[in-house]
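Just so it is clear, none of the values below were taken in a lab; they were calculated from the coordinates. The model shown is predicted, which means the values in this text are computed figures rather than measured ones. Neighbour counts run over all protein chains shown; Cβ positions are idealised from the backbone, glycine included.
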Ligand code: ATP
Ligand code: MG
């Protein structure tokens with residue numbers, strides 16, 4: 001089904017506004033001219049909720065959390081940016097593995113599942129996920145999803161990930 005990107009993201013951010021502390025400023029930046037996209041709603045929800053909950057959780061001192069959307073006819077690009085604890089370089093190769101967590105998480109709770117779900121959902125969309133991070137400064141996750149697939153193709157596998165979403 002077609003998703004209204006802006007509406008979808010605004011609703012999501014409202015949920016997270018409630019969860020975040022008053023030290024966080026959560027913002028949506030929209031650079032898109034195409035609003036309705038052919039993506040799987042459930043998978044998109046897995047991707048963005050996990051990235052947003054990480055962005056909030058791993059910035060215990062607060063700061064800006066930005067969800068940025070850029071979209072053209074070929075692809076949609078989501079960026080989730082935080083000003084949190086950052087990710088150590090030597091952990092990058094384990095980032096999307098189940099039950100792995102970086103050494104700098106301190107007493108922040110988690111099971112190490114969220115990003116493996118993000119990766120699965122992005123793969124089901126034949127997309128890409130990448131990360132840039134600076135320790136103690138913050139982290140930006142970028143997700144690129146191609147828009148050429150028909151929703152029929154994408155919808156074949158979502159039950160594979162359903163039920164796995166871990167709310168933090
Ligand atoms: P879960 O999401 O299952 O509750 P989790 O947050 O520990 O637990 P993931 O979301 O898979 O698991 O993230 C894996 C690890 O990657 C985290 O434990 C943390 O070390 C690191 N990480 C993920 N996102 C961020 C971020 N935005 N800033 C800093 N570290 C992060
Ligand atoms: Mg997580």
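Annotation: peptides 137-143, 13-19, ranked by per-residue average of other Cβ atoms within 10 Å with the highest first, follow the order 137-143, 13-19. Considering only alpha-carbon pairs that sit under 8 angstrom and 6 or more positions apart, the relative contact order computed for the chain is 24 percent.
How large is log10 of I(q)/I(0) for region 1-79 at q = 0.12, 0.13, 0.17, 0.18 Å⁻¹ when the intensity is taken from the Debye formula with one equal scatterer per alpha-carbon? Summing over Cα pairs of region 1-79 leads to -0.33, -0.39, -0.64, -0.71.
Note on region 1-142: Kirkwood hydrodynamic radius from all Cα pairs is 15.4 Å, rounded to one decimal.
Determine how many Å³ per residue the convex hull of the Cα atoms of region 93-151 encloses. Don't jump to the answer; show the numbers that get you there.
Values: hull volume 5.6 nm³, N = 59.
Per residue, the Cα convex hull of region 93-151 comes to 95 Å³.
In plain terms, the bigger the Kirkwood radius, the slower the diffusion; for region 43-117, with that radius from Cα pairs, at 37 °C and 0.692 mPa s, Stokes-Einstein puts D at 244 µm²/s. Most tightly packed first, judged by the mean number of other beta-carbon atoms within 10 Å of their residues, the peptides 21-30, 35-44 read 35-44, 21-30.
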